[in-house]
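Participant: Below is a structure I'd like to ask you about.
The values are calculated or read from the model by the stated rules, or taken from the named source; none is laboratory data. Given the structure is predicted, the values throughout are model-derived calculations rather than measurements. Heads up, the Cβs are rebuilt from the backbone with ideal geometry, glycines too, and the neighbour counts pull from every protein chain shown.
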């Protein structure tokens, strides 16, 4: 289906960061065919987007979407209690069908808040999560989260599962792609991390790993591996443009320099970091200046508790300002860059800007809502004032994932089924 | 008009913090007449609220609503440049009609995000802001912000204006009440602050003042007045249950103790504090434990850039957790308390909980939306996962301020008129 969208304000995110007023977008074959004024292209679907703002779909560079089932489960507990008494027992009961239902719920929430692609790592039900991404109409990079330096897990078995899933993931749509993931430097042996990364290189797919999320982790890794997490990953030779480090809160200037030199991606998850009370703030602005590819993620809804990338953009910008005592520490433009072009780069997808030839992943928002006015700066309004109520339409891969605030699938049923699955998991 | 709302989940915020399922509310004469199961009261308006969550209207305990016109104006500037080159020149052009239009825009945004009452201090157009609150259907406490320890201002003239406005504010509806405000300890003489507070006492209305928002302010006050801001206000004898301190970021344990002992209210504005990059976090949890009345505010949209109290609740809870390295530092229940019962207490209004006899200020939200599920904890979902798209109806003073997502006034016109006013002020 071809779509012609007319008369919108376009936040292009092109190299010049142009904002075009009263401009049109022609979407064809899943891609942006043309951008300009008064386009005359024929399209089956024509949209008058006067009074709307269009920006590239947001990319959630780190999440665990099946965990949407655990939103608000076990609040008011300390991390260790929460994991051992709530999350792990529930996850032990998690079957592929639960993962599917959790993923569908998360997809509904993500699309409603302007996210068009996500970077996933999880321990169960990966095939069903892939099926959910296909059904839900979103773009995704999915990886089984391998782990071997903990009791009950074996390196070879993990590699078989992780690489096996990546190898057999056949996407019907092309939207759903595989990645390789290792859990973290404190839970994975060097062997697993290196073999995982080698497999990712062979398959030309992204490699995804948690790193330096908490203080404790840093000291555990120092003790166990003799180096700090990012230094250690560099020694293993796994840092490059196809590696995504999730969190990276507790890092040294030296580690920031290493990540920058290697051009690794960093997925900053500010809301989750604060909710888990780690005590620090990821120096994402410094990572960006060092040459790393700075991206943003929500983490799972179990520790956020939303999957709202609009909120994450605002939080990221505000935290950098306060952390560095500098209102210019991170601008709205930078936050949007992190969530669009940089996110797309982290996932290795040809998206993140409104330019001819790019994948047609677009968010259409109502610029006439009171919270989006006055329009002194649409850019600042998007990052600091927008909320999901403003988003009217979401296009992914040239198709409507949401049209006039209505999802492409039966949302009511998705919510009901997810609630059943959640109750089943927590044993109620 | 009487309203009978049936079959909702009620977050009552009563003394026991009960959450009632499948319960009803009978609203009569602007008040909550009855709360319970299977109410049989006759009402002109009946609402089936199955699948809805109802909580008390949120109270924004510190804002400058006319400044909604400056949302996103002068971003990317340092505070002093922003004030001297952008905000002050624009404010110098601000006429009462501009204030009216800014206030109407802010009211639309506030109601859509679940706020039913706000605590305002501003320098111009107070009568028109009062008119906007009447027209917009919200509850408000309004004060002219007096200032005398800066060039061009005189103590007597400020007192005439501030006390004069309070004295002549006649609310048609009873919703719109007067307060007395002094700008801050570093910009107001002790004489002004004391005479202002005395007037507030005579009139039995709240007293509202900024205090300890920035590091610089603390040192300026120490130098100028010989004490820290909260200590100084205590010496002046103005701290009591009818005084609201806005911000209170940079305070000592001793000052927290003083505020607690006097039972003063503190309006914590986390989003604005971070956006202005002050570098600290208000110890609102410590204030609460000390006996102070802990409340929340958005501050003006010029430094937030939204008026979204849902966001402010989440930010407040997350910041305390991270600041104290403790996931239990501030719970969702506490954040909601701050924004409801405590906010109502700060404004001296008989609201903030769903109980018989309380003012009927209610927010009705869709509990079936994907981001509000699963329902392991409605309380945590409200504070950590809800956004304005979930709010369907808002009742203030027993009347619909918003019904089925439609405002009680012509919102399109409000937005247009506000945009005209904004452009006029910034000289475009």
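Participant: In a helix (DSSP H, G or I) and free of Cβ contacts under 8 Å to residues at least 60 places away in the same chain: is that true of residue A:326 in this structure?
Facilitator: No, not satisfied.
Participant: For segment A:15-35, give me each residue that is more than 13 Å from residue A:367 (Cβ to Cβ) and in contact with a helix residue (DSSP H, G or I) (Cβ under 9 Å, 6 or more places away or on another chain).
Facilitator: Across segment A:15-35, the qualifying residue is only A:17.
Participant: I would also like to ask the following. For residue A:164, indicate whether it is farther than 20 Å from residue A:303 by Cβ and either surrounded by fewer than 23 Cβ atoms within 10 Å (Cβ to Cβ) or at pLDDT 95 or above (or both).
Facilitator: yes
Residue by residue, here is whether (1) out of contact with any helix residue (DSSP H, G or I) (no Cβ under 9 Å at 6 or more places or on another chain); (2) more than 11 Å from every other protein chain (Cβ to nearest Cβ); (3) farther than 21 Å from residue A:366 by Cα holds:
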| residue | (1), (2), (3) |
| --- | --- |
| B:362 | yes, yes, yes |
| B:405 | no, no, no |
| B:411 | no, no, no |
| B:415 | no, no, no |
| B:425 | no, no, yes |
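Participant: Could you check residue A:303 against (1) buried (at least 24 other Cβ atoms within 10 Å of the Cβ); (2) in contact with a helix residue (DSSP H, G or I) (Cβ under 6 Å, 6 or more places away or on another chain); (3) under 20 Å from residue A:182 (Cα atoms) and say which number it fails?
Facilitator: With respect to (1) buried (at least 24 other Cβ atoms within 10 Å of the Cβ); (2) in contact with a helix residue (DSSP H, G or I) (Cβ under 6 Å, 6 or more places away or on another chain); (3) under 20 Å from residue A:182 (Cα atoms), residue A:303 is out only on (1).
Participant: May I pose another question? Within segment B:262-276, can you find the residues that are over 16 Å from the mean Cα position of the chain (by Cα) and in a helix (DSSP H, G or I)?
Facilitator: Result: B:262, B:274, B:275.
Participant: Starting from segment B:409-428, take each residue that is free of Cβ contacts under 8 Å to residues at least 24 places away in the same chain and list its partners that are surrounded by 18 or more Cβ atoms within 10 Å (Cβ to Cβ) and not in a helix (DSSP H, G or I), counting only C-beta distances under 6 angstrom and pairs at least six apart or across chains.
Facilitator: From residues that are free of Cβ contacts under 8 Å to residues at least 24 places away in the same chain, the pairs are B:419/A:373; B:419/A:374.
Participant: Quick one: in segment B:373-402, of everything that is more than 9 Å from chain A (Cβ to nearest Cβ) and touching a helix residue (DSSP H, G or I) at 6+ places or on another chain (Cβ under 9 Å), which residue is farthest from residue B:29 (Cα to Cα)?
Facilitator: Taking the candidates together, the pick is B:382.
Participant: Restricting to segment B:229-261, name every residue that is assigned to a loop (DSSP other than H, G, I, E, B) and either in contact with a helix residue (DSSP H, G or I) (Cβ under 6 Å, 6 or more places away or on another chain) or touching a residue at least 40 places away in the same chain (Cβ under 8 Å) (or both).
Facilitator: Selection gives B:236, B:237, B:238, B:239, B:240, B:241, B:242, B:249, B:250, B:251.
Participant: Free of Cβ contacts under 8 Å to residues at least 40 places away in the same chain and assigned to a strand (DSSP E or B) - does that describe any residue in segment A:34-41?
Facilitator: Yes, segment A:34-41 has at least one match.
Participant: Among residues belonging to segment A:312-328 that are more than 7 Å from every other protein chain (Cβ to nearest Cβ) and surrounded by fewer than 24 Cβ atoms within 10 Å (Cβ to Cβ), point out the one that is nearest to the chain's Cα centre (by Cα).
Facilitator: Within segment A:312-328, the match that is nearest to the chain's Cα centre (by Cα) is A:323.
Participant: Another question about this same structure. So which residues in segment B:286-300 are surrounded by fewer than 24 Cβ atoms within 10 Å (Cβ to Cβ) and either assigned to a loop (DSSP other than H, G, I, E, B) or assigned by TED's automatic domain parsing to the domain that holds residue B:377 (or both), if there are any at all?
Facilitator: B:291
Participant: Could you tell me whether residue B:335 is buried (at least 18 other Cβ atoms within 10 Å of the Cβ), over 23 Å from residue A:67 (Cα atoms), more than 10 Å from every other protein chain (Cβ to nearest Cβ) and in contact with a strand residue (DSSP E or B) (Cβ under 6 Å, 6 or more places away or on another chain)?
Facilitator: No; evaluated as a whole, the condition is false for this residue.
Participant: Taking segment B:291-311 on its own, how many of its residues are over 19 Å from residue B:103 (Cβ atoms) and more than 8 Å from chain A (Cβ to nearest Cβ)?
Facilitator: Matching residues across segment B:291-311 total 7.
Participant: Can we say residue B:38 is away from chain A (no Cβ under 13 Å) and touching a strand residue (DSSP E or B) at 6+ places or on another chain (Cβ under 6 Å)?
Facilitator: Here the answer is no, as residue B:38 does not meet what is asked.
Participant: How many residues, within segment A:11-21, are touching a residue at least 24 places away in the same chain (Cβ under 8 Å) and not in a loop (DSSP other than H, G, I, E, B)? Give the steps one after another, and end with the answer.
Facilitator: In the first step, residues of segment A:11-21 are kept if they are touching a residue at least 24 places away in the same chain (Cβ under 8 Å); the result is A:11-14, A:17, A:19.
Now restrict to residues that are not in a loop (DSSP other than H, G, I, E, B): A:11, A:19.
Total meeting the criteria: 2.
Participant: Condition first: surrounded by fewer than 24 Cβ atoms within 10 Å (Cβ to Cβ) and at negative phi. Now tell me which residues in segment B:109-129 satisfy that.
Facilitator: Hits for segment B:109-129 are B:122, B:123, B:124, B:127, B:128.
Participant: Which of the residues that make up segment B:343-352 are crowded, with 24+ Cβ neighbours inside 10 Å and in contact with a helix residue (DSSP H, G or I) (Cβ under 9 Å, 6 or more places away or on another chain)?
Facilitator: B:343, B:351, B:352
Participant: Sticking with this structure for a sec: Do we find that residue B:411 is at pLDDT 95 or above and either touching a strand residue (DSSP E or B) at 6+ places or on another chain (Cβ under 7 Å) or not assigned by TED's automatic domain parsing to the domain that holds residue B:137 (or both) in this structure?
Facilitator: yes
Participant: Would you mind stating whether residue A:33 is under 30 Å from residue A:305 (Cβ atoms) and touching a strand residue (DSSP E or B) at 6+ places or on another chain (Cβ under 7 Å)?
Facilitator: Details: under 30 Å from residue A:305 (Cβ atoms): no; touching a strand residue (DSSP E or B) at 6+ places or on another chain (Cβ under 7 Å): yes.
In short, no.
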